[in-house]
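Enquirer: Next up is a structure, given as structure tokens.
The values are calculated or read from the model by the stated rules, or taken from the named source; none is laboratory data. Everything quoted here is computed from the prediction, not taken from an experiment. All Cβ positions, glycine included, derive from the backbone under ideal geometry; neighbour counts span all protein chains shown.
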Amino acid sequence: MITFFTTGKAFVGHNGVIQRNALKSWTLVHPQAEVILFGDDEGAADVARELGIRHEAHTEKNTAGSNRADYMFAKAQRIARHDVLCYSNCDIIFFQDFRKALERVLAAHKEFLMVGRRCDVEITQPRDFANPDWQKQLRNLACLKGTPRGAEWIDYFVFSRGLFREMPPLVVGRAFWDHWMVWNALEMKKPVVDVSRAALAVHQNHDYRHHPLGKAGVWHGEEAAANHAFAGGWNHLRTIADATHILRADGVKPNAGRQWAAVGRYVRQAGRVAFYHIGQPIWFSFLDLTRPVRQALGLRTANLRRSRGET
């Protein structure tokens, strides 16, 4: 039916709890579901044995030690037992509606990329998957206390084997690599199907202590900047809102709203161009022109800080 693959963090503390929850839920999506865990992180081998999933300790990394998506996608497509694969971040819990959504997409398209929005939920304890009501309980929790995320937050990619043949050396867990994946499928003229309305994906909240600079490092650090460059810049980035199709109650239908996503993207790009190429040069030119006057009046940053009692 499907081969899931992923990589995670060390299986200790809260991260260990939510990653076990995620992996276990994937094994329950279908009786023949295959799960591959990449990486030699602490506890990974033990968890793989515990859950009866496949462990591939070796990964290719960048100079900072982060796992490269291109290696994992290539290796997974070579060794997977199934012709449909899913890369998911190792903190996402799936339900049976995920399987049903996939079956409907498969009935409509032979080659495709399937994505969906996530719902953030605070989970701190292992879920009791032996409880026949675990799905209902977790759905209720997501409905009552969850936070749905927008189209920019892409945590899983379901695709037909061979769809991603060549990838730049993007690293997972940093910004922009996920947006390149959607752009690449669209560039190849493959259907990109948004199943957000049909399949709940629960993202278990976590902190960012795994990065030396925390959340800012994940989103705005050097690795994020490298991902942006390898991806080819803003023109090669897309979101779930750019999907060609949406899975609705009556089937897989064209996404009529994707043109608005393009409009929004061009507006944001125009704003970035205006800020970096027009606004900033004008501002710095103004500072250069007024520097003698400001210095004469004592309006220097250090003086202003001292006048406010700052150090």
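Enquirer: Quick check, is Ala201 among the aliphatic types (A, V, I, L, M), in contact with a helix residue (DSSP H, G or I) (Cβ under 9 Å, 6 or more places away or on another chain) and at pLDDT 95 or above? Talk me through it step by step, then tell me what you get.
Expert: Numbers: among the aliphatic types (A, V, I, L, M): yes; in contact with a helix residue (DSSP H, G or I) (Cβ under 9 Å, 6 or more places away or on another chain): yes; at pLDDT 95 or above: yes.
When the stated conditions are applied, Ala201 passes them.
Enquirer: Considering (1) more than 29 Å from Lys24 (Cα to Cα); (2) at pLDDT 95 or above; (3) crowded, with 19+ Cβ neighbours inside 10 Å, say which one Asn227 fails and leave the rest.
Expert: Status for Asn227: all satisfied but (2).
Residue-by-condition table, conditions (1) over 21 Å from Phe164 (Cα atoms); (2) out of contact with any strand residue (DSSP E or B) (no Cβ under 8 Å at 6 or more places or on another chain); (3) not assigned by TED's automatic domain parsing to the domain that holds Trp177:
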| position | (1), (2), (3) |
| --- | --- |
| His30 | yes, yes, no |
| Glu34 | no, no, no |
| Glu42 | yes, yes, no |
| Ala45 | yes, no, no |
| Leu51 | yes, no, no |
| Glu56 | no, no, no |
| Ala69 | no, no, no |
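Enquirer: Right, next: Identify all residues within the stretch 1-27 that are under 20 Å from Phe159 (Cβ atoms) and aliphatic (A, V, I, L, M); write none if there are none.
Expert: Listed by number, the residues that qualify are Met1, Ile2, Ala22, Leu23.
Enquirer: Taking helices (runs of 4 or more DSSP H) that fall entirely within the stretch 1-89, which contain at least 3 residues that are of a type in the set (Lys, Arg), closer than 30 Å to Ala107 by Cβ and at pLDDT below 95? Step through it out loud before you land on a result.
Expert: On the way: elements: 13-27, 44-51, 69-79.
Qualifying helices (runs of 4 or more DSSP H): none found.
Enquirer: Oh, and also: Kindly indicate whether Val182 is in contact (Cβ under 8 Å) with a residue 12 or more places away in the chain, part of a helix (DSSP H, G or I) and either surrounded by 18 or more Cβ atoms within 10 Å (Cβ to Cβ) or not assigned by TED's automatic domain parsing to the domain that holds Ala22 (or both).
Expert: On the way: in contact (Cβ under 8 Å) with a residue 12 or more places away in the chain: yes; part of a helix (DSSP H, G or I): yes; either surrounded by 18 or more Cβ atoms within 10 Å (Cβ to Cβ) or not assigned by TED's automatic domain parsing to the domain that holds Ala22 (or both): yes.
The answer is yes for Val182.
To keep it simple, each residue is scored yes or no on (1) buried (at least 19 other Cβ atoms within 10 Å of the Cβ); (2) within 19 Å of Thr124 (Cα to Cα); (3) within 20 Å of the chain's Cα centre (by Cα).
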site: Asn15; (1), (2), (3): yes, yes, yes
site: Trp26; (1), (2), (3): yes, yes, yes
site: Glu42; (1), (2), (3): no, no, no
site: Leu51; (1), (2), (3): no, no, no
site: Met72; (1), (2), (3): yes, no, yes
site: His82; (1), (2), (3): no, no, no
site: Leu85; (1), (2), (3): yes, no, yes
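Enquirer: Let me ask you something else. Could you check, for the stretch 97-107, whether at least one of its residues is in a loop (DSSP other than H, G, I, E, B) and crowded, with 16+ Cβ neighbours inside 10 Å?
Expert: The answer is no, given that none of the residues of the stretch 97-107 is in a loop (DSSP other than H, G, I, E, B) and crowded, with 16+ Cβ neighbours inside 10 Å.
Enquirer: Just to confirm my filter: which strands (runs of 3 or more DSSP E) fall fully inside the stretch 108-160 and include at least 1 residues that are of a type in the set (Asp, Glu)? Don't jump to the end; show me each part of the working.
Expert: Numbers: elements: 113-115, 119-121, 156-160.
Correct list: 119-121.
Enquirer: Within the stretch 138-158, how many residues turn out to be more than 19 Å from Asp194 (Cβ to Cβ), in contact (Cβ under 8 Å) with a residue 40 or more places away in the chain and among the charged types (D, E, K, R)?
Expert: Residues in the stretch 138-158 being more than 19 Å from Asp194 (Cβ to Cβ), in contact (Cβ under 8 Å) with a residue 40 or more places away in the chain and among the charged types (D, E, K, R): 1 in total.
Enquirer: Related question: Might you check whether a residue that is in contact with a strand residue (DSSP E or B) (Cβ under 8 Å, 6 or more places away or on another chain) and crowded, with 16+ Cβ neighbours inside 10 Å occurs anywhere in the stretch 125-133? Break it down stepwise before answering.
Expert: Our first condition is that a residue be in contact with a strand residue (DSSP E or B) (Cβ under 8 Å, 6 or more places away or on another chain); within the stretch 125-133, this holds for 127.
Checking which are crowded, with 16+ Cβ neighbours inside 10 Å leaves us with 127.
So far as the stretch 125-133 goes, yes, one or more of its residues are in contact with a strand residue (DSSP E or B) (Cβ under 8 Å, 6 or more places away or on another chain) and crowded, with 16+ Cβ neighbours inside 10 Å.
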